[in-house]
1. Take Ser115 and tell me if it is within 25 Å of Leu69 (Cβ to Cβ) and surrounded by fewer than 21 Cβ atoms within 10 Å (Cβ to Cβ).
2. Return the only residue of Leu174, Leu140, Leu163, Leu183 being under 14 Å from Leu87 (Cβ atoms) and hydrophobic (A, V, I, L, M, F, W, C).
3. Here are the criteria: (1) over 16 Å from the mean Cα position of the chain (by Cα); (2) in a helix (DSSP H, G or I); (3) buried (at least 20 other Cβ atoms within 10 Å of the Cβ). Tell me which single one Ser149 does not satisfy.
4. What is the residue count in region 16-40 for residues that are assigned to a strand (DSSP E or B) and buried (at least 23 other Cβ atoms within 10 Å of the Cβ)?
5. Here's a check for you: in region 179-218, which residue that is of a type in the set (A, V, I, L, M, F, W, C) and not in a helix (DSSP H, G or I) is surrounded by the fewest Cβ atoms within 10 Å (Cβ to Cβ)?
6. (1) open to solvent by 20 Å² or more (accessible area, probe 1.4 Å); (2) under 16 Å from Ile91 (Cβ atoms); (3) within 16 Å of the chain's Cα centre (by Cα): which one isn't true of Ile53, the others all being true?
7. Give the residues of region 56-66 that are hydrophobic (A, V, I, L, M, F, W, C), in contact with a Ser or Thr (Cβ under 8 Å, 6 or more places away or on another chain) and either surrounded by fewer than 22 Cβ atoms within 10 Å (Cβ to Cβ) or closer than 23 Å to His82 by Cβ (or both), sorted by residue number.
8. Can you tell me which residue is farthest from Phe131 (Cα to Cα) among those in region 161-178 that are aliphatic (A, V, I, L, M) and in a helix (DSSP H, G or I)?
Amino acid sequence: MPAELQSTSQGQTLVLTLRHPELRNALEPAICAAGIEALNVAERNPDVRCVVITGADGLFSAGSSPQRLQALRHQSAPAQVHGLDLLHHWIEAIRTHPKPVIAAVEGEAKGAGFSLALACDLMVAARNAVFAMNHVHAGLSPDGGASWSLAQMLPRALAHEILMCGDRIDAARLQSLGMVNRLADPGRALHEALALAQRLNDGPPHALASIKELVSEARHHSFTEQLALERSHFVRNLQHAPAGETRAASADPRA
């Protein structure tokens, strides 16, 4: 069965399912290209409020397949760069997407699969899920923005440990480190992610888009610059009808 990214709708939530049974949902170029296109379509569709990324057959993704890595080793440097571009474009599309993106992780998320989960805004993981940045075991450095994500989320020593040792990490430890938002019973990660998505779907999309942009930009701004950006977003969001309705409700003591 060829690699594919299945796209389904659950109310106002778009669910993208990685499916490549023979290679444990490896992130092949076809899947990455489909992911970029799916996010472009979701951005233009006002009926989509949230996106959930998950994997088929009880696992998230084992990252890049050994076969693909072996083939890349024998290609020219420009071809090797091109081989990573689609993955990185998809990761960047997730980071910059104006709507919330949630990872629902079952089974394993390794290598680029772990990077993909980290790129999402929120993560729900089954209690028995396992994660690993196992690039080092193949003599490789990380891809998919993993070094950036871990350096932003963790103290330097912990980021080094995860990337340099390549050990398996359980979901409970990742939650204790602030990298997993919700733990779910095995087989229930997608269900819990959809419930979280519904909570976000009930919120004002313009405000959620502002929050995502503000959090992303905060890393590059001084405090004074961030205050100015917050002011700009706040005033812009005041012009939306839901903001007016919220102000009226907060002024009503019965609300």
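1. Working: within 25 Å of Leu69 (Cβ to Cβ): yes; surrounded by fewer than 21 Cβ atoms within 10 Å (Cβ to Cβ): no.
So Ser115 fails the test.
2. Details: Leu174 fails: under 14 Å from Leu87 (Cβ atoms); Leu163 fails: under 14 Å from Leu87 (Cβ atoms); Leu183 fails: under 14 Å from Leu87 (Cβ atoms).
The match here is Leu140.
3. Status for Ser149: all satisfied but (1).
4. Keep residues of region 16-40 that are assigned to a strand (DSSP E or B), which gives 16-19.
Checking the rest, the ones that are also buried (at least 23 other Cβ atoms within 10 Å of the Cβ) come to 18.
Residues meeting the conditions: 1.
5. Among residues in region 179-218 that are of a type in the set (A, V, I, L, M, F, W, C) and not in a helix (DSSP H, G or I), the one surrounded by the fewest Cβ atoms within 10 Å (Cβ to Cβ) is Leu183.
6. With respect to (1) open to solvent by 20 Å² or more (accessible area, probe 1.4 Å); (2) under 16 Å from Ile91 (Cβ atoms); (3) within 16 Å of the chain's Cα centre (by Cα), Ile53 is out only on (1).
7. The initial filter retains those residues of region 56-66 that are hydrophobic (A, V, I, L, M, F, W, C), namely 56, 59-60, 62.
Cutting the leftovers down to in contact with a Ser or Thr (Cβ under 8 Å, 6 or more places away or on another chain) gives us 56, 60.
Hit for region 56-66 is Ala56, nothing else.
8. Let us first name the residues in region 161-178 that are aliphatic (A, V, I, L, M), namely 162-164, 169, 171-172, 174, 177.
Now narrow it down to the ones that are in a helix (DSSP H, G or I): 162-164, 171-172, 174.
Values: Ile162: 10, Leu163: 11, Met164: 14, Ala171: 7, Ala172: 11, Leu174: 9 Å.
Among those that are aliphatic (A, V, I, L, M) and in a helix (DSSP H, G or I), it is Met164.
The values are calculated or read from the model by the stated rules, or taken from the named source; none is laboratory data. Since the model is a prediction, treat every value here as computed from it, not as a measurement. In this analysis, Cβ positions are derived from the backbone assuming ideal geometry, glycine residues included, and neighbour counts consider all displayed protein chains. Keep in mind that these areas ignore ligands, DNA and RNA; they rest on the heavy atoms of the full protein, side chains included. Shrake-Rupley method; radii C 1.70, N 1.55, O 1.52, S 1.80 Å.
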